[in-house]
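Peer 1: The structure that follows is given in the form of structure tokens.
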Amino acid sequence: MNDDAVSDRGVWFRVENGSAASTVRRAAERLGVQLDLGADRTADLAIVAAELTSNLVKHADDGVLLLRPVRRDGEAGVELVALDTGPGMADLTASSQDGHSTAGTLGIGLGAIVRQATWFDGYSRPERGTVLAVQIWPNRPGGHERWPWVGALSRPLAGESVSGDGYAWRIVEGRRQVLVCDGLGHGPLASAATDAALDAFRKAPAGAPAAVVAHLHRSMSHTRGAALAVAEPDPSAGVLRYSGLGNISAAVIGADGKRRGLVSLPGIAGHQRPPIREYDYPFEADTLLVMHSDGVVDRWQLADYPGLVDRSPLVVAATLLRDAGTRRDDACVLVARGWS
């Protein structure tokens, strides 16, 4: 990684040894400086990065870490997401307490992360690995903020530096809307198509999902095109409005754990005149929306992960990406909850 600004999609690091851990820590410090996190919070960020990567080196198998900026209300922070398929933990809460150790160490790693974080969440199961997510914001240590209502992440296929998959969300005139996009092919041109979709989505006039998809289609005629879908969770009305083109998979999971797939029509945004339709599905405050590109194998079941539905949307998304994402394709997962 160089001194250039990190894009909002972030940078993935494979963490297998101490030198990789040092690289992540230095990259996190640079990002903290670039985002004007402040000296104290940048130092806290360095501690978090060091502890996360140390855990991956000591305990994990196939450990990877995502580093990226996060933005809200005109302010920027730093987010780190660590994934592994190592031995896991039976009780993540107990493991987050100072003095708890499973490897003969001082056992202060997770406790230090929790103390420095503005918010922290994780999921771990014995023999199934661990997912940890941390945000560091200026002047906001303490770790007591509520989880965001939506979380997402994307990853390029092996050997590529950029991903053709992307995501975005917005609140416009009271509408909460999310987008998942898969630019055709791979590499820079696919990424450019998705960037065009994300930019058009953020600037689109307020409207129902089908109107937003039509706007994206018109805005992407200069690109190679993309599969994409827009969803609008509206738990106050008990409904989710959804419009999709191409092979974006989406499902709602109710409080009973049952999964219901959503309909996307054939077509490519930006090419020809694809059919655009909108469908309504039941959606309450305790319902979960999961959307992903075809780089994620669509055979996952949240019932296979006891307790995962109670974690933050970002941790749910990261767990599914870790276990169902393929390295032979770009991959993206977005998860949204009904509550604000």
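Peer 1: Any residue that is without any contact (Cβ under 8 Å) to a residue 24 or more places away in the chain, on the phi < 0 side of the Ramachandran plot and basic (Lys, Arg) - is there at least one of those in the stretch 185-202? Reasoning before the result, please.
Peer 2: In the first step, residues of the stretch 185-202 are kept if they are without any contact (Cβ under 8 Å) to a residue 24 or more places away in the chain; the result is 199-200.
Next cut, on the phi < 0 side of the Ramachandran plot only: 199-200.
Now narrow it down to the ones that are basic (Lys, Arg): none.
No, every residue in the stretch 185-202 fails to be without any contact (Cβ under 8 Å) to a residue 24 or more places away in the chain, on the phi < 0 side of the Ramachandran plot and basic (Lys, Arg).
Results for (1) β-branched (Val, Ile, Thr); (2) within 21 Å of Pro275 (Cα to Cα), shown as yes or no for each residue.
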site: Gly183; (1), (2): no, yes
site: Gly187; (1), (2): no, no
site: Ala196; (1), (2): no, yes
site: Ala200; (1), (2): no, yes
site: Ala210; (1), (2): no, yes
site: Leu216; (1), (2): no, yes
site: Ser219; (1), (2): no, yes
site: Val230; (1), (2): yes, yes
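To keep it simple, each residue is scored yes or no on (1) touching a Pro at 6+ places or on another chain (Cβ under 7 Å); (2) assigned by the TED database to the domain that holds Phe120; (3) farther than 20 Å from Cys181 by Cα; (4) open to solvent by 40 Å² or more (accessible area, probe 1.4 Å).
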| site | (1), (2), (3), (4) |
| --- | --- |
| Ala250 | no, no, no, no |
| Gly261 | no, no, no, yes |
| Ile268 | yes, no, no, yes |
| His271 | no, no, no, yes |
| His292 | no, no, no, no |
| Asp298 | no, no, no, yes |
| Asp310 | no, no, yes, yes |
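Peer 1: How many of the residues in the stretch 247-288 are more than 21 Å from the chain's Cα centre (by Cα) and touching a residue at least 60 places away in the same chain (Cβ under 8 Å)?
Peer 2: 6
Peer 1: Go through the stretch 197-216 and count every residue that is open to solvent by less than 20 Å² (accessible area, probe 1.4 Å) and either of a type in the set (A, V, I, L, M) or within 17 Å of Ser154 (Cβ to Cβ) (or both). Give the steps one after another, and end with the answer.
Peer 2: Kept after step one, since they are open to solvent by less than 20 Å² (accessible area, probe 1.4 Å), are these residues of the stretch 197-216: 197-198, 200-201, 204, 207, 209, 212-213, 216.
Within this subset, residues satisfying the condition of being either of a type in the set (A, V, I, L, M) or within 17 Å of Ser154 (Cβ to Cβ) (or both) are 197-198, 200-201, 204, 212-213, 216.
Residues in the stretch 197-216 being open to solvent by less than 20 Å² (accessible area, probe 1.4 Å) and either of a type in the set (A, V, I, L, M) or within 17 Å of Ser154 (Cβ to Cβ) (or both): 8 in total.
Peer 1: So which of Ala112, Ala158 is at pLDDT below 95 and assigned by the TED database to the domain that holds Ala229? Steps first, answer last, please.
Peer 2: Values: Ala112 fails: assigned by the TED database to the domain that holds Ala229.
Just one listed residue meets the conditions, Ala158.
Peer 1: Based on this model, can you work out whether Glu127 counts as open to solvent by 10 Å² or more (accessible area, probe 1.4 Å), outside the structural domain of Leu320 (by the TED database) and either touching a Ser or Thr at 6+ places or on another chain (Cβ under 8 Å) or more than 16 Å from Trp12 (Cα to Cα) (or both)?
Peer 2: Details: open to solvent by 10 Å² or more (accessible area, probe 1.4 Å): yes; outside the structural domain of Leu320 (by the TED database): yes; either touching a Ser or Thr at 6+ places or on another chain (Cβ under 8 Å) or more than 16 Å from Trp12 (Cα to Cα) (or both): yes.
The answer is yes for Glu127.
Peer 1: Same structure again: All but one of (1) under 20 Å from the mean Cα position of the chain (by Cα); (2) under 30 Å from Arg327 (Cβ atoms); (3) open to solvent by less than 70 Å² (accessible area, probe 1.4 Å); (4) not hydroxyl-bearing (Ser, Thr, Tyr) hold for His186; state the number of the condition that does not hold.
Peer 2: In the conditions (1) under 20 Å from the mean Cα position of the chain (by Cα); (2) under 30 Å from Arg327 (Cβ atoms); (3) open to solvent by less than 70 Å² (accessible area, probe 1.4 Å); (4) not hydroxyl-bearing (Ser, Thr, Tyr), His186 misses (3) alone.
Peer 1: Now a separate question. Looking at the stretch 273-290, which of the residues that are hydrophobic (A, V, I, L, M, F, W, C) and assigned to a loop (DSSP other than H, G, I, E, B) is surrounded by the fewest Cβ atoms within 10 Å (Cβ to Cβ)? Lay out the reasoning, then the answer.
Peer 2: Step one: filter the stretch 273-290 for residues hydrophobic (A, V, I, L, M, F, W, C), giving 276, 283, 285, 288-290.
Pick out the ones that are also assigned to a loop (DSSP other than H, G, I, E, B) and you get 276, 283, 285.
Details: Ile276: 19, Phe283: 25, Ala285: 13.
Per the criteria, the residue is Ala285.
Peer 1: Mind checking whether some residue in the stretch 313-320 is touching a residue at least 24 places away in the same chain (Cβ under 8 Å) and open to solvent by 20 Å² or more (accessible area, probe 1.4 Å)?
Peer 2: Start the filter on the stretch 313-320 by keeping residues that are touching a residue at least 24 places away in the same chain (Cβ under 8 Å), which leaves 313-320.
In the following step, the residues that additionally are open to solvent by 20 Å² or more (accessible area, probe 1.4 Å) were identified as none.
No, the conditions are met nowhere in the stretch 313-320.
Peer 1: Let me ask something else. Show the residue pairs that are 6+ apart or on different chains and have beta-carbon atoms under 6 Å apart, the first residue being within the stretch 31-52 and more than 9 Å from Pro138 (Cβ to Cβ), the second being assigned to a helix (DSSP H, G or I) and of a type in the set (Ser, Thr, Tyr).
Peer 2: Correct list of pairs: Gly32/Thr42.
Peer 1: So if I check each of Ala237, Ala231, which one is within 21 Å of Ala211 (Cα to Cα) and over 17 Å from the mean Cα position of the chain (by Cα)? Steps first, answer last, please.
Peer 2: Values: Ala231 fails: over 17 Å from the mean Cα position of the chain (by Cα).
Sole residue among the options that is within 21 Å of Ala211 (Cα to Cα) and over 17 Å from the mean Cα position of the chain (by Cα): Ala237.
The values are calculated or read from the model by the stated rules, or taken from the named source; none is laboratory data. Small disclaimer: the values here were computed from a predicted structure and weren't measured. Methodologically, a virtual Cβ is constructed for each residue, glycine included, from the backbone with ideal geometry; neighbour enumeration extends over all protein chains shown. Heavy atoms of the whole protein, side chains included, go into the accessibility calculation; ligands, DNA and RNA do not. Shrake-Rupley method; radii C 1.70, N 1.55, O 1.52, S 1.80 Å.
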